[in-house]
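Heads up, the thing below is written out as structure tokens.
Taken together, the values in this text are just the output of simple stated rules run on the coordinates, not laboratory data. Note that the structure is a prediction, hence the values are computed from the model and not measured. With ideal geometry, Cβ positions are generated from the backbone for all residues, glycine too; neighbour counts draw on all protein chains shown.
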Amino acid sequence: MDQQVTLIGFGEAGSTFARAADWAEAAHVFDVADKAAACAEAGVTCCGSAGEALANSLTILSVVTADAALPVADNAAQHIAPGALFFDMNSVAPNTKRAAAKAIDAAGGRYVDVAVMAPVNPARLGVPLFLSGPHAQAGQDALTALGFTKLRIVGDEVGRASTIKMLRSVMYKGVEALTAECLLACEAAGVTDDVLGSFGNDWSSGADYRLDRMMVHGVRRSAEMAEVVKTLEDLGVAALMTRGTVERQAQIGGLGIKAPPEGLDAKLERLKA
């Protein structure tokens, strides 16, 4: 690829995209953590500052944690090239994205609200992406050129894509939290097999997957769900259930189990330890 793309953040999403597309040295990366080894493995250009990574770049993907999304946009606005597309792919509340868009647009950039609608692995460049904002069509064209294949424009207002993602997470991440709470209580009562059996044959595999995601990504999911709380309250809906999801995701993720054991029974044993 001859076109330069800048990745702000080189965690799971950023590194997955760069490897899947084989962007190699055309991708300039900045992360506040030391990502030199990961950049070398992916063959991308590792930069020592956001300014260096953004220099002359017309395509910028922001893939950071929820709490860093707005500060990253504010910092990028100080270095962004005129007309550059800034893809905010972070899981944050619509008002957070509107504040980020204000900073980018005021600096002469073009902001695109992007919602990542599924885990980036194993979908990689085939992960569904929802785009919104006045520059969504230009954004779709640029992301297609980068190799992304499942793009959908959902509106011309910044915040619409993120609203869809946030409200979807009420259900998806909430079910994860309820699954953990239910099964931890089942284990304590010694009725796990009876309860699981009452749900049907396929429920155990789904529970296994949900616990796996919470163990590995619970801290990040908790930060996302805190943004969901803001979204709900901005809409005038009390976040009664979602506040519990924030806590349960943080509790499971905070255990630091980055390599969950195989199978539901083994995961439950690990959680009881």
Inset, instruction - Would you mind checking which residues have amide H under 5 Å from Ser57's amide H? H placed 1.01 Å from N; only 5 or more apart, or other chain. - result: Ala81
Inset, instruction - Please report, in debye to the nearest 20, how large the charge dipole of the stretch 92-229 is about its Cα centre when each Lys and Arg carries +1 at its beta carbon and each Asp and Glu carries -1 there. - result: 680
Legend entry - Degrees separating the helix 203-234 axis from the principal Cα axis of the chain, which is the longest one: 60
Inset, instruction - Please give the helix 160-189 orientation as an angle from the longest Cα principal axis of the chain, in degrees from 0 to 90, rounded to the nearest 10. - result: 30
Inset, instruction - With an 8 Å cut-off on Cα pairs and a minimum separation of 6 or more residues, tell me the relative contact order of the stretch 29-159 in percent. - result: 18
Legend entry - the chain: calculated mean residue ellipticity at 222 nm from DSSP helix runs of at least 4, using -39500 (n - 2.57): -17500 deg cm²/dmol
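Explain nothing, just the number: relative contact order of the chain, from Cα pairs under 8 Å at least 6 residues apart, as a whole percent. Walk me through the intermediate numbers first.
Details: 506 pairs, mean separation 37.1, N = 273.
Rounded, it is 14 percent for the chain.
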Inset, instruction - Could you work out how far helix 12-21 tilts from the main Cα principal axis of the chain, as a 0 to 90 degree angle to the nearest 10? - result: 60
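The stretch 188-273: which trypsin sites (Lys or Arg not before Pro) are DSSP loop and have at most 15 other beta-carbon atoms within 10 angstrom?
Those satisfying the criteria are Lys258.
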Inset, instruction - Give the shape of the stretch 1-151 as rounded, prolate or oblate, defined through the alpha-carbon gyration tensor: a ≥ b ≥ c are the square roots of its eigenvalues, a/c under 1.5 means rounded, and otherwise the shape is prolate if a/b is larger than b/c and oblate if not. - result: rounded
Inset, instruction - Mind checking which aspartates and glutamates have their Cα closer than 15 Å to the Cα of Lys267? Skip sequence neighbours fewer than 8 apart in that chain. - result: Glu176, Glu181, Glu187, Asp193, Asp208, Asp212
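At a temperature of 4 °C and a viscosity of 1.567 mPa s, determine how fast the stretch 81-232 diffuses translationally according to Stokes-Einstein, using the Kirkwood radius over alpha-carbon pairs as Rh; express D in µm²/s, rounded to the nearest whole number.
Values: Rh = 17.1 Å.
For these conditions, the coefficient is 76 µm²/s.
Treating the beta-carbon of each Lys and Arg as +1 and of each Asp and Glu as -1, no other charges, what is the dipole magnitude of the stretch 5-158 about its Cα centre, to the nearest 20 debye?
Computed about the Cα centre, the dipole is about 300 debye.
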Legend entry - From phi via Karplus (6.51, -1.76, 1.60), per-residue ³J(HN,Hα) for the stretch 77-88 in Hz, x at Gly/Pro: 4, 6, 10, 5, 6, x, x, 5, 8, 10, 8, 8
Legend entry - Cα point-scatterer Debye curve for the chain, base-10 log of I(q)/I(0) at q = 0.08, 0.10, 0.13 Å⁻¹: -0.35, -0.54, -0.87
Inset, instruction - Please get the size of the charge dipole for the chain, origin at its Cα centre, with Cβ charges of +1 on Lys and Arg and -1 on Asp and Glu, quoted in debye to the nearest 20. - result: 360
Inset, instruction - Report the Cys residues of the chain lacking a disulfide-compatible partner, meaning no second Cys Cβ under 4.7 Å from their Cβ. - result: Cys47, Cys182, Cys186
Inset, instruction - Considering only Glu224, Glu247, Glu12, give the residue with the highest GNM mean-square fluctuation for the chain, with springs between Cα atoms whenever their separation is below 10 Å. - result: Glu12
Legend entry - All aspartates and glutamates inside 17 Å of Lys102 as judged from Cα atoms, apart from same-chain residues fewer than 8 positions distant: Asp74, Asp88, Asp113, Asp156, Glu157
